[in-house]
Every structure is written in C-alpha cells, then in structure tokens.
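Read through the structure below, which is laid out as structure tokens, and then see the notes.
The values are calculated or read from the model by the stated rules, or taken from the named source; none is laboratory data. Owing to the predicted nature of the structure, the values given are computational and were not obtained by experimental measurement. Cβ atoms come from the backbone with ideal geometry, glycine included; neighbour counts cover every protein chain shown.
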Amino acid sequence: MKSYLFVAFLASALTVAAQEKSVEEFQERAKAYNEIISLPPFETTPKAVAASAAKAIAEGNAGLDAIGKLAAAGVTFDNTLRALDYVTYVAGLTESRLDILKNASPDEAMRNAATDGIKEMDDWSVSVNYRQDVYNAVKAYADTKPRLEGENARLLEETMRDYRRAGLDLPKDRQKEIEQLFMKLSKLETDFQNNIRKTHAPLHFTRAQLAGVPRDLLDEKSVKTGADDYTLDANVTFQVLEVLDNCSVEATRKRVSIARDSRTEAENVPLMQQIVGIRDELAAKLHYASWADYRIEPMMAKNEKTATRFLNDLCAGLEPKFDAEKEELRKLKAAETGDANAIINGWDWRYYSEKLHQQRFHIDEEALRVYFPYQKVLEGMFAIYQTIFGIKIERVTPPYKWVDDLRLYAVSDAKTNEPLGLFYLDMFPREGKYNHFAQFGIIEGSRLPDGRYQRPTVALICNFPPPTPGKPSLMTHDDVVTIFHEFGHGMHSILTRANFGRFAGTNVPRDFVEAPSQMLEYWGWDKGVLDSFAADYRDPSKKIPAEILDKLKDSQKATIGNFYRRQIGFALLDLAIHAAPDGKPKDVVKISNDIMSKVFYPVEPGTATIASFDHLCGGYDAGYYGYAWADAIAADMATVFQNAPKRFFDPDAGRRLRDEIYARGDTRDVNISIEKFLGRPRSIQPFLEKLGIK
C-alpha cells in the first residue's frame with residue numbers, strides 16, 4: 001500500500017511551535033488584514049458574572065431600542081437587519097463566555113453564578129423575538145422588496161422566517177403566551193443540563209469486583225479510596241466505559257449501568273415531563289403538528305416524517321446484521337458463564353464486543369493505548385490538519401486560565417500568515433466539569449459595523465484519561481477518533497468567512513453540523529495517518545502493525561450494527577416524545593424505554609436513561625437523528641480524500657473542504673456546499689457500504 005506519511009512533515013513550518021508566543025503578536029498581525037483576534041474577558045467572581053449578564057442585557061436593549069425607533073421611511077439593510085444581527089451577536093459573546101464558566105470553572109460558586117446569568121440571558125434572547133417595534137422596523141424594510149444577493153438575501157429570508165416561527169404573525173395575546181412559554185422552557189432546559197453536570201453517583205467496589213478493569217484507572221488517587229476500596233462515579237463517562245468494556249464481573253457491570261441510567265432520575269424525569277409538555281403546547285400554538293415538525297423545519301430533513309422514515313429504513317436495513325451480532329455475543333457469554341441459555345443485556349454488549357474483538361481478531365484495545373500518548377496524538381493531529389487545511393498552529397501563553405492545565409493555541413494561514421483564530425484545550429476530567437466531549441464557541445466570526453472582521457475563539461472541553469504517576473495520558477483508539485472529531489468542529493468554527501455571526505462556522509443546520517467532523521473520524525482509521533504520530537511511548541520505533549489496524553477495522557465492522565442500532569434507538573425515542581400528542585399526557589420514560597427495548601437491548605425496569613440524555617436540552621431535541629443523517633453525508637464526503645492522489649494528506653482536497661464547507665458555514669444552502677465539495681450529487685452508497693448493507 002502506498003504511503004503518504006512524508007506529506008505530514010514536509011517542513012518544520014508545519015509543526016507546532018514549542019515556544020509559546022504572546023496573544024499580542026497575533027493581534028498586531030491581524031491589523032494588517034483589517035481583522036481583530038480576541039481573548040474573552042473571563043469573569044473571576046460571581047458578582048462579576050451577574051454584572052456582565054446585566055450589562056449585556058442593558059446594552060442589547062439599547063441596541064434594540066435604536067432599531068425600534070426607526071421611521072418606516074428611513075429603514076435600510078444596515079440599520080435593521082445588520083444592526084439586529086450585531087445586537088444579538090454581541091449579547092451572545094457574554095452568554096458564550098458564561099457557558100464556559102458554567103461547564104468548566106473549578107469553582108462551584110462561579111458555575112452556579114454562570115448558570116443563573118445564562119438563565120437571565122436566555123430570557124432576554126427569547127424576548128428579542130417579541131419586540132414588536134423591532135419587528136415593525138425589519139418588516140418595513142422587508143416590505144420594500146429589496147434586491148439583495150448572497151448572504152444579505154439569506155439574512156433577510158431567515159430573519160423573517162424566525163419571526164414567523166416565533167408567532168409574530170399571530171394576535172398579540174397569543175404572542176405573549178408563546179413568549180412566556182419559551183422563557184419557561186429555557187429555564188427548565190438549563191436546570192436539566194445543570195443537574196447532569198453537577199450530579200455525583202459514587203459506587204464502591206472491592207478489587208475483586210473490578211476484575212479486568214485497567215490498573216491505570218484503579219491507581220488514580222480519586223479512585224483508590226482504601227486498602228481494598230475503589231470509588232467510581234457513574235457520572236464520569238470514561239470511568240463508566242472502562243468498567244463496561246473490561247470488567248468480567250457481570251454484577252459490577254450491571255450495577256454501574258443501572259447507576260449510569262438512573263443518576264439524575266429523581267430530578268430530571270419531572271423536568272423532562274414539563275419540558276415535553278411545554279414543547280407540545282408551543283407547537284400547537286404556532287400551528288405545527290408537533291414539536292418535531294417545528295424543530296426540523298429549518299433543517300435538511302424539513303419534517304418529522306422524513307427523519308423518521310430515514311431512521312426506520314436504516315433500522316430495518318441493519319436488522320439482519322444486528323441479529324447476527326447479538327447471537328455471536330450471546331454465544332460468547334454462554335461460553336464464559338457456562339449458561340447455554342445466556343442472554344445479552346444492556347450492560348453486556350460492550351464487554352462481549354470487546355471479547356469478540358480479542359478472540360476473533362486478537363485485539364486488546366486496552367493494550368493499544370501504549371501507541372496513543374495524548375501529547376503525541378495532539379501534535380500529530382495538528383501536523384495533519386496543518387497539511388490539509390494550509391494552516392499553522394502555534395502555542396500561545398494564555399493571560400488567564402480557569403484551570404492550571406489549560407492550553408491556548410493560535411491558528412494562522414500558512415501562506416499569508418493571516419491570523420484565523422484561537423482555541424483553548426481543557427482536556428481532562430475534574431469535579432463539576434462538563435463530563436463529555438464538545439467544542440464550545442466563545443467568540444464567533446463576524447464582520448463588525450466598522451468593517452473589521454472578528455476572528456473566532458473556541459474551546460474544546462473534553463474528558464480524556466488523565467496522566468497517572470509514571471505514565472502519560474494514554475488514549476484508546478476511540479479517544480483518537482474522538483479528538484479528530486472534536487477538533488474538526490474547532491476548525492469549522494475558526495476557518496469561517498461568514499459576514500454574519502448567525503451563519504458562521506458551526507451555525508449550520510443541526511442535521512449537517514456533525515458531518516464535517518464525522519468525516520474527519522476516517523483519519524483515525526488510516527495507516528498512513530496513524531503512522532505519522534502513533535508509536536509505543538516506551539519504544540517510539542514501534543508502530544501499529546498494519547495487520548492490527550486491519551483487524552481493528554474488521555472488529556469495528558463486526559459490531560457496527562450494535563453501535564448504530566443504539567444511535568437509532570436514541571434518535572427514534574427523541575422523535576417519539578416530540579411527536580404529535582394524542583390527547584393523553586406523555587409518559588416520557590415509558591416511551592423512551594419501550595423504544596430502546598425494541599430497537600436495542602431490553603431496558604432495566606426502574607431506570608430512566610432519558611433523565612441524563614442531555615442532548616434533549618442542548619439543542620438536539622427532535623434533532624438527534626442528525627447524527628446518523630450527517631454520518632451518511634460524512635461517509636460520502638470522505639470519498640473525496642480516499643480517492644485523492646495523496647489521500648488523507650491531500651492539500652487540494654483539504655483546501656476544497658476549507659473553502660466550500662468550513663469557510664461557507666450557512667451562508668448558502670448546505671446542499672450546494674456539499675455538492676461543490678463532492679463535485680457531484682450526494683450518494684448514500686458509501687454509508688451503506690460502511691454499515692455492510694447491500
């Protein structure tokens with residue numbers, strides 16, 4: 001097989017500078033491009049957080065007042081649409097900053113203050129849609145039937161669509177009811193997410209009860225809490241996965257699984273019942289058949305029927321493979337337990353999938369960690385992204401850190417030296433922190449009123465295994481795929497060229513937003529890519545053997561039916577709880593558990609996974625189907641690199657991705673962007689081949 005390893009390291013200019021630079025250097029350089037590059041002015045006390053929220057709201061209202069006072073004869077694009085976009089953009093800077101503090105500050109008082117500030121700002125954001133004076137000014141401009149093109153025309157179209165979706169064409173009393181419901185909904189959603197973030201679900205085990213769990217985890221100070229006492233937290237994702245993947249004691253796997261699926265049940269089930277009820281009420285008042293139809297209207301799928309049909313077709317197509325996989329896992333359990341009638345439960349499938357990988361493919365995924373020390377993975381990923389996107393990544397000294405191991409980097413164009421943006425890395429778990437993996441936008445790209453361009457600043461907040469005494473942080477192969485994915489979101493944000501914040505970076509339809517990052521997961525499966533950075537940290541001359549990687553690919557395909565049926569289960573339950581009501585109160589737990597039991601494995605009675613399904617209150621309500629939808633697009637997009645002369649290191653394909661997808665954001669219909677990148681119409685075939693569906 002031809003190797004493209006050399007491409008990743010063509011020149012020393014394409015490696016991340018070891019010497020930290022100052023932010024001021026990039027800020028000064030940006031001036032030559034009529035641009036601004038900024039760090040967020042993070043608050044350091046709860047009082048400052050409250051003051052910032054109040055100030056942002058006051059300044060936002062002043063901006064709205066100016067628009068609302070316009071006479072119909074004096075309205076222009078700049079003083080209505082552009083001005084409104086800028087008001088909401090500036091307010092968003094404060095809310096995004098508080099979102100970081102809410103999810104990442106090590107100080108509980110700061111997290112609580114940020115949560116309160118976000119609730120206030122969410123209320124204000126809802127109220128913006130119901131400023132009748134502002135609406136009158138914008139509508140007066142729309143009524144002039146202006147001849148606009150490109151992004152300007154799109155801004156007018158989508159702003160008027162948003163007003164319609166808020167109910168501004170309804171009677172005043174109905175508008176007020178809708179506004180109050182949206183405000184109430186926003187508070188409940190914030191509470192739902194906050195309950196997940198701050199919960200603790202400690203579980204105590206003996207060493208014998210944790211047989212098979214990697215020693216790296218058990219040696220952590222926070223885990224080894226006695227001579228033969230180990231404390232795990234069912235709210236810490238990587239700890240849960242280590243047990244479910246590796247522990248040979250079924251009773252332990254079951255206990256951890258049930259704790260995980262019950263961790264916020266008492267607080268969040270009542271909240272979710274209220275949330276779904278309010279969403280149903282809002283949909284009815286806005287004349288939509290369901291909340292799902294309301295939410296999906298601006299997305300690629302357009303309606304609930306299309307999304308559900310996509311999922312059901314995919315589910316049915318996977319049925320034979322899923323059934324075959326289940327039987328293989330069941331046989332492994334029967335052999336291990338001596339019970340010929342053994343069945344696979346929800347807490348078994350990951351463990352026996354791992355066993356299958358080891359026995360059939362002779363892969364010990366825990367043993368593969370030695371090839372993926374975090375720092376080497378990070379540097380290798382940077383080198384690859386620099387090559388394909390034509391950028392430089394340089395480490396910067398952060399003037400302020402919310403946690404000691406925080407890092408800051410600057411991205412510049414490799415040819416022109418133009419600064420493109422900044423990103424923070426907060427990569428290891430700690431108490432009170434957001435417990436999954438995500439990119440958080442802090443400062444979106446936008447053309448400012450004075451003509452200068454504000455370049456983006458973002459943060460990756462993740463929870464990779466931390467270093468242990470005498471060992472670096474060692475990642476799983478799944479972790480490597482995850483970091484390529486999340487950093488792809490970061491690139492999507494930073495490489496934007498959109499003039500308006502609402503179209504910049506990842507502000508694209510929810511069922512497309514994952515596609516560019518899901519496509520970049522393919523890099524983690526390529527031998528040439530992995531050889532550019534993956535090596536045994538104890539002996540860097542040792543690379544992952546090609547046959548091991550081939551087996552890893554085969555092992556992924558061996559249980560891919562399980563992975564996607566689980567995803568489909570979550571997506572279908574999401575659509576089901578947001579479907580048109582039948583006149584009876586919805587029992588969200590029963591609906592969810594019934595669907596998961598039918599599509600995946602039987603759900604343990606008394607548990608409520610939906611209570612900690614944070615996507616339902618994080619913008620993915622009636623939108624979780626978008627992961628599979630976007631994955632189908634990602635598989636198609638990946639073929640551009642797979643067929644390129646230099647494959648996953650191909651700078652021409654990378655430049656097209658940068659220009660046609662990342663830089664464009666939502667400035668045009670994403671269907672056009674996808675076809676421009678592909679050079680042809682979309683195809684579902686690469687995704688079906690990935691799943692083994694003929």
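The set of residues from the stretch 421-446 being closer than 17 Å to GLU95 by Cβ and in a loop (DSSP other than H, G, I, E, B) comprises TYR434, GLU444, GLY445.
So, in the stretch 221-238, of the ones that are surrounded by fewer than 18 Cβ atoms within 10 Å (Cβ to Cβ) and in contact (Cβ under 8 Å) with a residue 24 or more places away in the chain, which residue ends up nearest to the chain's Cα centre (by Cα)?
Ranking the qualifying residues of the stretch 221-238, first place goes to THR237.
Condition first: outside any helix (DSSP H, G or I) and among the hydrophobic types (A, V, I, L, M, F, W, C). Can you find one or more residues in the stretch 41-51 that meet it? Yes. When ASP233, ASP228, ASP219 are checked against the criterion of being among the acidic types (Asp, Glu) and over 21 Å from LEU474 (Cα atoms), ASP228 stands alone in meeting it.
Taken over the stretch 20-40, the criterion of being part of a loop (DSSP other than H, G, I, E, B), surrounded by 13 or more Cβ atoms within 10 Å (Cβ to Cβ) and among the hydroxyl-bearing types (Ser, Thr, Tyr) is satisfied by SER38 alone. The residue of the stretch 674-694 that is surrounded by the fewest Cβ atoms within 10 Å (Cβ to Cβ), among those that are in a helix (DSSP H, G or I) and touching a Gly at 6+ places or on another chain (Cβ under 8 Å), is LEU688. Tallying residues that are surrounded by fewer than 18 Cβ atoms within 10 Å (Cβ to Cβ), polar (S, T, N, Q) and not in a helix (DSSP H, G or I) within the stretch 127-177 yields 1. PRO472 meets each of the listed conditions (1) at pLDDT 95 or above; (2) surrounded by fewer than 20 Cβ atoms within 10 Å (Cβ to Cβ); (3) in contact with a strand residue (DSSP E or B) (Cβ under 7 Å, 6 or more places away or on another chain); (4) not small (Gly, Ala, Ser) apart from (1). Take the residues in the stretch 612-640 that are among the aromatic types (Phe, Trp, Tyr) and either at pLDDT below 95 or not in a loop (DSSP other than H, G, I, E, B) (or both), then tell me which one is nearest to ALA259 (Cα to Cα). Checking each candidate, the answer is PHE613. Scanning the stretch 413-437 for residues that are more than 24 Å from the chain's Cα centre (by Cα) and either buried (at least 21 other Cβ atoms within 10 Å of the Cβ) or modelled with pLDDT under 95 (or both) turns up just one, PRO419. Can you pull out every residue in the stretch 641-673 that is farther than 16 Å from ALA498 by Cα and either crowded, with 21+ Cβ neighbours inside 10 Å or at pLDDT below 95 (or both)? Within the stretch 641-673, PHE641, PHE648, PHE649, ASP650, ALA653, GLY654 meet the criteria. Residues in the stretch 609-623 include at least one that is buried (at least 20 other Cβ atoms within 10 Å of the Cβ), under 22 Å from GLU521 (Cα atoms) and not acidic (Asp, Glu). Screening the candidates GLU547, GLU514 for the property of being loosely packed, with under 14 Cβ neighbours inside 10 Å and either among the charged types (D, E, K, R) or more than 17 Å from VAL370 (Cα to Cα) (or both) yields one hit, GLU547. The residues listed here are ASP413, ASP404; of these, the one that is free of Cβ contacts under 8 Å to residues at least 12 places away in the same chain and among the acidic types (Asp, Glu) is ASP404. Based on this model, can you work out whether LEU70 counts as in a loop (DSSP other than H, G, I, E, B) and at pLDDT 95 or above? Yes: the conditions hold for LEU70.
The C-beta contact set for the stretch 530-541 (first residue assigned by TED's automatic domain parsing to the domain that holds PHE649, second residue part of a strand (DSSP E or B), distance under 6 angstrom, 6+ apart or interchain) comprises TYR537/PRO373. Take the conditions (1) touching a Phe, Trp or Tyr at 6+ places or on another chain (Cβ under 7 Å); (2) buried (at least 22 other Cβ atoms within 10 Å of the Cβ); (3) in a helix (DSSP H, G or I); SER493 misses just one of them, which is (1).
Would you pick out the residues in the stretch 324-358 that are touching a residue at least 12 places away in the same chain (Cβ under 8 Å) and under 16 Å from GLY692 (Cβ atoms)? Within the stretch 324-358, ALA324, GLU325, LYS326, GLU328, SER353, LEU356 qualify.
Checking each residue in the stretch 209-242 for being touching an Asp or Glu at 6+ places or on another chain (Cβ under 7 Å) and not hydrophobic (A, V, I, L, M, F, W, C) picks out PRO214, GLN239.
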